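Asker: Questions regarding the structure given below will be posed in turn.
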Amino acid sequence: MKIVVAGGDGFCGWPTALYLSKQGHDIAVIDNMVRREMDNELHSNSLTPIASLEDRVAKWKEMTGNDIRTYKGDLTHYDFLREVLLTEKPDAFVHFAEQRSAPYSMIDREHAVYTQTNNVTGTLNVLYGIKEIVPDCHLIKLGTMGEYGTPNIPIEEGYIEIEHKGRKDTLPYPKQPGSFYHLSKVHDSHNITFACKIWGIRATDLNQGVVYGLDTDETKMDPLLTNRLDYDAVFGTAFNRFIIQAAAGHDLTVYGKGGQTRGFLNIKDTVRCIEIAAENPADRGEFQVFNQFTEEFSVSELAEKVQKVAQEEGLKPNVAHLDNPRVEEEEHFFEAANTKLKDLGLEPHLLDDDVVREILRTVMQHENRVIQKNIMPQVSWK
Ligand code: NAD
Ligand code: USQ
């Protein structure tokens, strides 16, 4: 298949581009490099040193013979996107290219406006581009489990059957997102639902949980192919932060009571889920929704897992309960469906001690790059 991976220089996008290329697909990457600029804005860095996109794809070509074409540009610039679609004529468009940090979106008004403008406009442009230029192209859009929030009933995959006043319907599952970032994903979902209905676009929303790990078989092939790994309080996510905190001799930063429960998955499963989605396109006019996570953990459970393995490796991390900078439930019901991707062939990599140990040992090689002052949260929801 010809596949465009938008956001292909990022944490999920880069390993996905390599994996799909390895599987024999013809890959082009779009990225405007804004994530690298945000590191400068936040005086932060990837824990792992990362090569430029040019050097990454040149190394991949040298090692595999496979070309990955690159387009540096912004999805919010329609003329740019149009040119890429006219040149590539993709069968599938994988859309990772959004501002994806909840804390970043909560810094102030400017960052909230940027997040929603970037994400909602970019996705609207992709929808118009598909309609205008490649109407049969399958949009594979990264959503988030956080669109659903933490309702006191089980979470379904996208839709729920409701009986009301004697009548029944299958309706979009209610959304109760917890940040202006998570809200941007809900706005995207509404726009995609509408575009599928009126124009007959085919789309799959992958409501992904929190991703952990950094390596895939492909990113490990050479240091120039190394993936980025975020640990700062703005872009770092729970498990990866705890691992890096353990390696750097910092307390593990559980926010509040730590009963916040989320869906999680290994980056190795992210890349496979994209492949499964590409192999199983939605019908014309259909908006199919898969919940993309493999296991549920509370934040405290994750911290305990990391603490146990870190102790076995000779480290001495404490688990600290910080005042929660976010407004969220700290003890709640959480039970979410995730059978659709497994039914289509996903074989999950689960988070056992050996997996924790492997990630910890990789991280310990780069522990000297940690900027300590970026670990504690500074952004408040209030
Ligand atoms: P990331 O920030 O590492 O990568 C996103 C990439 O998109 C970056 O390289 C950035 O430069 C690019 N980008 C952003 N806006 C763009 C635009 N307007 N035009 C072109 N390029 C643009 O993020 P990630 O962790 O790889 O996440 C990728 C996607 O997966 C996001 O949509 C995110 O919401 C979703 N997701 C991520 C996680 C996670 O735990 N990382 C979990 C669930 C969902
Ligand atoms: N948390 C801590 N300590 C930390 C960091 C986070 O206790 O040091 C808690 C948060 O308060 C939250 C939970 O861990 O309750 C998850 O936070 P996170 O930063 O790991 O993840 P989140 O902000 O939800 O965002 C990440 C990605 C985002 C994606 C989302 C999937 O950045 O792009 O959409 O995970 S989900 O959480 O399922 O919505």
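No lab work stands behind these numbers, since they all come straight from the coordinates. Predicted model only: the values in this text are computed from it and were never measured. Because the Cβ atoms are built from the backbone with ideal geometry, glycine has one as well, and the counts that use them run over all protein chains shown.
Asker: Rounded to the nearest 0.05, what FRET efficiency do Q372 and A320 give with R0 = 22 Å and r taken as the Cβ-Cβ distance? Could you check?
Answerer: 0.95
Asker: Once every DSSP H run of n ≥ 4 in the chain is given -39500 (n - 2.57) and the sum is divided by its residues, what mean residue ellipticity at 222 nm do you get, rounded to the nearest 500 deg cm²/dmol?
Answerer: Values: 12 runs with 143 residues, N = 382.
It lands at -11500 deg cm²/dmol.
Asker: Also, I was wondering about something else. Give the Rg (one decimal place) followed by the Dmax (whole number) of the range 12-164, computed from C-alpha coordinates and expressed in Å.
Answerer: Answer for the range 12-164, Rg first and Dmax second: 17.8, 60 Å.
Asker: Which of these, V210, V327, V57, has the largest mean-square fluctuation under a Gaussian network model of the chain (Cα springs below 10 Å)?
Answerer: Among V210, V327, V57, the largest mean-square fluctuation in the Gaussian network model of the chain belongs to V327.
Asker: State whether the range 182-253 is rounded, prolate or oblate according to the following rule on the C-alpha gyration tensor (a ≥ b ≥ c being the square roots of its eigenvalues): a/c under 1.5 gives rounded; otherwise a/b larger than b/c gives prolate, and the remaining case gives oblate. Walk me through the intermediate numbers first.
Answerer: Working: a/c = 4.18, a/b = 1.86, b/c = 2.24.
The shape class here is oblate.
Asker: Still on this structure: Cα centroids of the range 47-126 and the range 171-200: how far apart, whole angstrom?
Answerer: 20 Å
Asker: Here's a follow-up. Using the scaling law 2.2 N^0.38 Å as the reference, what is the normalised Cα Rg of the range 262-313? Don't skip to the answer; put the middle values down first.
Answerer: On the way: Rg = 16.2 Å, N = 52, 2.2 N^0.38 = 9.9 Å.
After normalising by residue count via 2.2 N^0.38 Å, the value is 1.64.
Asker: Debye sum, Cα scatterers, the range 270-382, no solvent: what log₁₀ I/I(0) at q = 0.09 1/Å?
Answerer: Values, matching the q order: -0.40.
Asker: Taking the alpha-carbon set of the range 196-292, what are its Rg and Dmax in Å?
Answerer: For the range 196-292, the Cα-based Rg and Dmax read 17.4, 54 Å.
Asker: Can you pull out the chymotrypsin sites (Phe, Trp or Tyr not before Pro) in the range 119-182 that DSSP calls coil and that have at most 10 other Cβ atoms within 10 Å? Before the final figure, lay out the partial values.
Answerer: Numbers: sites: Y128, Y148, Y159, F180, Y181; in loops: Y148.
Here no chymotrypsin sites (Phe, Trp or Tyr not before Pro) fit, given the DSSP loop and packing criteria.
Asker: Could I ask something else about it? Rounded, prolate or oblate for the range 96-180? Axes are the square roots of the Cα gyration tensor eigenvalues, ordered a ≥ b ≥ c, and the cut-off for rounded is a/c under 1.5. It would help to have the intermediate numbers written out before the result.
Answerer: Working: a/c = 2.61, a/b = 1.23, b/c = 2.12.
Since a/c reaches 1.5 but b/c is at least a/b, the shape of the range 96-180 is classed as oblate.
Asker: Something else: So what's the net charge close to E161: Lys and Arg +1, Asp and Glu -1, counting the other residues with Cβ under 13 Å from its Cβ?
Answerer: That works out to -2.
Asker: I want the antiparallel fraction of DSSP beta bridges within the range 114-219, as a percent rounded to 5. The partial results should precede the final answer.
Answerer: Numbers: 6 of 13 bridges.
In the range 114-219, DSSP labels about 45 percent of beta bridges as antiparallel.
Asker: Checking the a/c ratio against 1.5 first, then a/b against b/c, what shape does the Cα gyration tensor give for the range 153-202?
Answerer: Numbers: a/c = 2.55, a/b = 1.18, b/c = 2.16.
Oblate, because a/c is 1.5 or more while a/b does not exceed b/c.
Asker: What dipole magnitude, in Debye to the nearest 20, does the chain give about its Cα centre under +1 on Lys/Arg Cβ and -1 on Asp/Glu Cβ?
Answerer: Once rounded to the nearest 20, the dipole reads 520 debye.
Asker: Follow-up. Would you mind checking K2/K131; K2/K61; K175/K305; K72/K131; K141/K268 for any pair whose Cα atoms are more than 27 angstrom apart?
Answerer: The answer is K175/K305.
Asker: Another question about this same structure. Could you work out which residue, out of I30, I133, I162, moves most in a Gaussian network model of the chain, that is, has the largest mean-square fluctuation with Cα springs under 10 Å?
Answerer: For the chain, modelled as a Gaussian network with Cα springs under 10 Å, the answer is I162.
Asker: Would you mind computing, in nm to one decimal, how far apart the modelled labels at Y159 and T117 are, each placed 7 Å from Cα along Cα→Cβ?
Answerer: It works out to 3.6 nm between the two label points.
Asker: Just R35, R109, R202 to compare: in a GNM of the chain, with alpha carbon springs under 10 Å, which one fluctuates most?
Answerer: R109
Asker: Just the number, please: percent antiparallel of the DSSP beta bridges in the chain, rounded to the nearest 5. Spell out each step's value before the answer.
Answerer: On the way: 10 of 49 bridges.
So the antiparallel bridges in the chain amount to around 20 percent.
Asker: Sticking with this structure for a sec: Starting from the 7 Å offset along Cα-to-Cβ, what nm value, one decimal, do you get for the label separation of D343 and D136?
Answerer: If labels sit at D343 and D136, their model points lie 2.7 nm apart.
Asker: Assuming a viscosity of 1.567 mPa s and a temperature of 4 °C, what translational diffusion coefficient in µm² per second does Stokes-Einstein assign to the chain, Rh being the Kirkwood radius over Cα pairs? Display every interim value, and only then the final one.
Answerer: On the way: Rh = 21.1 Å.
The estimated diffusion coefficient comes to 61 µm²/s.
Asker: Moving on to the next point. What nm value, rounded to one decimal, do you get for the distance between K2 and T87 when each label is placed 7 Å out toward the C-beta?
Answerer: Each label point is offset 7 Å from its Cα along the Cβ direction, giving 1.2 nm.
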